[in-house]
1. Of all residues in region 187-201, which are within 16 Å of Tyr222 (Cα to Cα) and surrounded by 16 or more Cβ atoms within 10 Å (Cβ to Cβ)?
2. So how many residues does region 337-387 have that are in a loop (DSSP other than H, G, I, E, B), at pLDDT 80 or above and either closer than 30 Å to Asp282 by Cβ or among the aliphatic types (A, V, I, L, M) (or both)?
3. Among the residues of region 224-281, what is the count of those that are of a type outside the set (D, E, K, R), at pLDDT 85 or above, more than 20 Å from Lys208 (Cβ to Cβ) and more than 32 Å from the chain's Cα centre (by Cα)?
4. When the residues of region 622-647 are filtered to those that are farther than 15 Å from Phe675 by Cα and assigned to a loop (DSSP other than H, G, I, E, B), which remaining residue is most open to solvent (accessible area, probe 1.4 Å)?
5. Of all residues in region 698-742, which are of a type in the set (A, V, I, L, M) and in a strand (DSSP E or B)?
6. Can you name the condition, by its number, that Gly660 falls short on among (1) part of a loop (DSSP other than H, G, I, E, B); (2) open to solvent by 30 Å² or more (accessible area, probe 1.4 Å); (3) touching a Ser or Thr at 6+ places or on another chain (Cβ under 7 Å)?
7. Scan (1) open to solvent by less than 50 Å² (accessible area, probe 1.4 Å); (2) out of contact with any Leu (no Cβ under 7 Å at 6 or more places or on another chain); (3) more than 21 Å from Ile708 (Cβ to Cβ); (4) not aliphatic (A, V, I, L, M) for the single condition Thr563 breaks and write down its number.
8. Using the structure shown, decide if Ile640 is touching a Gly at 6+ places or on another chain (Cβ under 9 Å) and closer than 24 Å to Gly726 by Cα.
Amino acid sequence: MKKIILMALILTLSPSFIYAEDSFFSFKRKSETEVQATQISVEGSERVAPSTIISYMDIKPGDEYTQADLSKALKNLYATGLFADVNIRQNGRDLIVTVLENPVINRVVFDGNEQLEDGALAAEISTRPRAVYIRNDVRNDVNRIQELYRRSGQYSAEITPQIIKLDQNRIDIVFEVNEGPKSTIKGIKFVGNTEFSDADLRSVISSKEDRWYRFLSSDDRYDPDRVSFDQELLRRHYLKNGYVDFNVVTSNAELSQDNESFFITFTVEEGKRYKVRNVAVDANALRNVNNDELAQVITLSEGNYYSSEDMEDSVDALTKKLGDLQYAFARIRPDIDRVSSNTMVDVTFRAQETQRVFVEEINIKGNSRTLDKVLRREFDVVEGDPFSSTKVAKAEKDLQSLDFFNKVVVKPRPGSAPDQTIIDVEVEEKSTGEVSIGAGFSTSDGPLADLKIRERNFLGKGQDVLLGTTLAGERTEFDLSFTEPYFFNRDLAAGVDLFHVTKDLQDESSYDQKTTGAALRMSYPLSQKLRQQLKYRFQVNEIDKVDSSASRFIRDQEGERTTSAISQMLNYDNLNSTINPTNGYRLWLNTELAGLGGDAKYVSAKTGGSYFHPVTKNVVFNTLAEVGAIEGYSDENVQINERFFIGSRTLRGFEYGGLGPRDTSTDDSLGGNYFYRGSSELTFPSGLPEEMNIKLHAFTDYGTIWGIDDKGADIADESSLRASIGVGLSWLSPLGPVRVDIAQPILDEDFDKDEIFKFDFGTRF
């Protein structure tokens, strides 16, 4: 006890001694734990060189080390992922490192997977053949595969990795997949909705409840990303209908006890529905801009319910209008002020100050194959022109319409000076070569098949080359065509066509027809929506295999006849879509003169129009009218292969050639020199889910055809009106478009041929 007290007193009185003693003790501990490695040897290595293993340790022969250094070396070796087991032991001053190398992966195999292909799974995992096996990587790959199956709607999928040992420390890894049943959505319900029913909101979202007819769709499989998107769709729907304060509180997905289905519940707060009280434009910050002029393009109307769609359309229209006034970067900020006393809002579109700009440069990126000039010619502006947002938007649309690119992005950005702008064009090219095989059936042509080889961007110049053949029960056709869309570097499309067509017209007129020829054509715009085509055609027509009992008017025309003709076509297109129009109209005028050489001498003309009008959002009305005439000259009569034939597709309820002049003694259709026809059709939803793409049609067709140059006692030729009414069903199926029509003639002649049922089916694959 006295010794302890004495030592404490000495330490208290001598700080320098404390420091010295502490240093002494520390030195003594260090000298006891630090050892010099005279030699390091490696045991168990097969593929990895001993020198490489030693380099991972950070301890070299001759280095001094501690136990902490050995622990760090052990961790370093494990961190390489090359070893399943590592042991470091001391033998005197020597270190002996014993390793058990991880095996090398020979193959990665998937077993039991049907929903997802091997290639799709292999692309998503990190485990690869000829790589070193790492247990943690395989575990992560199992989780990744399960996530892929969850995204495809199979939440009960089980993945079990199996290791098959081979010689030379190699292994095969087999991911055994038990896909289990698809996790479908059994129910979708909404909580908090009073203004819209559950059925209304189910039609808005992309997730769908499981139904038998959705066997070709994946919308009825649970996908958390799709549910998140559904929340945005709900928000858009309510904002479109005036519910400015709408909010999705929660979206819960509950998995059933058998892990085979989900029940989704959306909890919403609808809020109040607002009307627009006042709409104003404030562009006072911009020089030489009239507020009243801008207000004319606004689609948001006072007194109507607020609509986010009208708001967005108004912002776009104002931006384009200002762009046309050379305010390239004008920004429209809509301010929405709620009126506290009632459910009204005031909307003010404020334009931020910008200045007029000009196009400094057009930069194009991503076109490794397509020539720059092919893209530049779609722009109505060039370097140095005043900037126009409308023209730039049109150029972007035109580039997309070329169908040469997967992606087209056209963005203006500030140039080298405040009054300059640079237009960046970024494209992602896609394959423009096509090999298509078609199959189908038509009540007009019978079973059909076709093969087409096409290159729409030949040599990157935008040229179109087509080689095609069609084989049908009553028609065979071979075509070869070439089109240069910008002949002489102008908006002048020029092309050449070669064709050979055979038709079996035995049922209609007791003969076969062969047509072989070529055509030269060019087309050019007369205005933004009006285009004209000029064409020269030379062909040889042959009427053969005339039945011995055929009409004398057909027997007299058996043999070959050459046609040398020039024609023009005017086309005015104001439709909102060329593929599936719902609004707008199209007008056409075709004229042709034959007789510049050859046997045929005639003048013909056809003109007509088609008009589409949306009655409601999902109901479209279409009406069509067309009239045509052909007359021979220089004492030449119009031959049967030159006359008009209508029916089937052009006048439903009647066969092709089922109405018009006919030899009653042989029942052969002779065609006519004059015709007119019309059609009115209403297209509306079928009542089935929209994703099935099934629509119903109600229509009436009317028209007539008459007049031939030769007359005879047995010729029935009546110009009386024919008409039919009918209903139809169209289905844009995954295998191709299907159309079924049932039509009943209500005005006809005794000698006409009816066609009550018409069916068309075709596809490309």
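1. The one that is within 16 Å of Tyr222 (Cα to Cα) and surrounded by 16 or more Cβ atoms within 10 Å (Cβ to Cβ): Ile188.
2. Narrowing region 337-387 to residues in a loop (DSSP other than H, G, I, E, B): 340-343, 352-355, 357, 366-371, 377-385, 387.
With the extra rule that they be at pLDDT 80 or above, the set shrinks to 343, 357, 366-371, 377-385, 387.
Within this subset, residues satisfying the condition of being either closer than 30 Å to Asp282 by Cβ or among the aliphatic types (A, V, I, L, M) (or both) are 343, 357, 371, 381-382, 385, 387.
So the count comes out to 7.
3. 8
4. Asp635
5. Ala698, Ile705, Ile715, Ala716, Ala723, Ile725, Val727, Leu729, Leu732, Val738, Val740, Ile742
6. (2)
7. (3)
8. On the way: touching a Gly at 6+ places or on another chain (Cβ under 9 Å): yes; closer than 24 Å to Gly726 by Cα: no.
No.
The values are calculated or read from the model by the stated rules, or taken from the named source; none is laboratory data. Treat the numbers as computed from the prediction; the structure is a model and nothing was measured. We place every Cβ from the backbone using ideal geometry, glycine too, and count neighbours over all the protein chains shown. Note: areas computed on protein heavy atoms with side chains; ligands, DNA, RNA excluded. Shrake-Rupley method; radii C 1.70, N 1.55, O 1.52, S 1.80 Å.
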